[in-house]
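J.: Encoded as structure tokens, here's the structure I'll be asking about.
No value in this document is a laboratory result; all are computed from the given coordinates. None of these values were measured; they are calculated from a predicted model. Note that each Cβ is placed from the backbone with ideal geometry, even for glycine, and that neighbours are counted across all protein chains shown.
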């Protein structure tokens, strides 16, 4: 009988322990602004990308290029380095910038980095494994006119339970042919956090 009470007591303790460890998960709209920690998040990335693309496309370099060349410029998004105090996946920000560019339809966007190398690998594979009628040819890629590069920086000021986190995203657009910087811009975000 003692053994049954012992097993019952352990079962009750285990069950109550599991309840205290349980958590609730709710689905929310991906556009809803949720800021739990004060760290860089998806909303910061998306809003910064949209604002900076609007800055870039609102400057005189674009109209000068269209007037001179008679076509939309082709842009490649290069490296955006994370120099902040926290781990930020810069690729998420780069993708947000690329999506914002594409939505405007005011520039042409070409693939860069690892994805471009993967495409070239596929093209190389097609040279021996695809029919001549479907094989993609070498030397027909669209060359970029401009490259966008930049960095994400941060400053943290903390005292006791209060903290101010400041982020600054700096981007530069450079003419690939001439190496001329045609646009420089930044977006600043400041958050207060109380622990």
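J.: How far apart, in nm, are two points set 7 Å out from the Cα along the Cα-to-Cβ line at residue 95 and at residue 54?
T.: 2.3
J.: Among 25, 181, 165, determine the one that fluctuates most according to a GNM of the chain built with springs between C-alpha atoms less than 10 Å apart.
T.: 25
J.: Can I ask one more? Place a label point 7 angstrom from the Cα of residue 190 along the Cα-to-Cβ direction, then list the residues of segment 130-151 whose backbone nitrogen is under 15 Å away.
T.: In segment 130-151, the label zone of residue 190 (backbone N under 15 Å from the point 7 Å along Cα→Cβ) covers no residue.
J.: Let me ask something else about it. Would you mind telling me which residue in 44, 170, 125 has the biggest mean-square fluctuation in a Gaussian network model of the chain, where springs connect alpha carbons within a distance under 10 angstrom?
T.: Checking each option, the largest mean-square fluctuation is seen for 125.
J.: I would also like to ask the following. Please report how far the C-alpha centroid of segment 38-104 lies from that of segment 134-153, rounded to the nearest whole angstrom.
T.: Spelled out, the Cα-based centre of one part sits 15 Å from the other.
J.: Let me ask something else. Where does the Debye-calculated log10 I(q)/I(0) of the chain sit at q = 0.14 Å⁻¹, using only Cα point scatterers of equal weight, no solvent?
T.: -0.93
J.: Mind pulling the angle between the C-alpha long axis of helix 42-57 and the longest principal axis of the chain? Nearest 10 degrees, somewhere in 0 to 90.
T.: 20
J.: What do you get for the angle between helix 90-104 and the principal long axis of the chain? Use alpha-carbon atoms, 0 to 90 degrees, nearest ten.
T.: Roughly 50 degrees, rounded to the nearest 10.
J.: Among DSSP beta bridges lying fully in the chain, give the percent that are antiparallel, nearest 5.
T.: The antiparallel proportion sits near 75 percent.
J.: Another question, then. Full-extension gain between residue 119 and residue 33, please, as 0.36 nm times their residue separation minus the C-alpha to C-alpha distance.
T.: Values: separation 86, 0.36 × 86 = 30.96 nm, distance 3.56 nm.
Stretched fully, the residue 119-residue 33 segment lengthens by 27.4 nm.
J.: Report relative contact order for segment 38-194 in percent, whole number only (criteria: Cα-Cα under 8 Å, sequence separation at least 6).
T.: Values: 239 pairs, mean separation 41.1, N = 157.
Across segment 38-194, relative contact order equals 26 percent.
J.: Between the helical axis of 60-69 and the dominant principal axis of the chain, each derived from Cα atoms, what acute angle in degrees is found, rounded to the nearest 10?
T.: Around 40 degrees separate the two axes.
J.: For n ≥ 4 DSSP H runs only, could you compute -39500 (n - 2.57) per run for the chain, divide by its residues and tell me the 222 nm figure to the nearest 500?
T.: Numbers: 5 runs with 78 residues, N = 195.
Mean residue ellipticity at 222 nm (helix-derived): -13000 deg cm²/dmol.
J.: What is the order of 146, 79, fewest Cβ neighbours within 10 Å to most? Walk me through the numbers on the way to the answer.
T.: On the way: 146 25, 79 14.
Neighbour counts put them in this order, fewest first: 79, 146.
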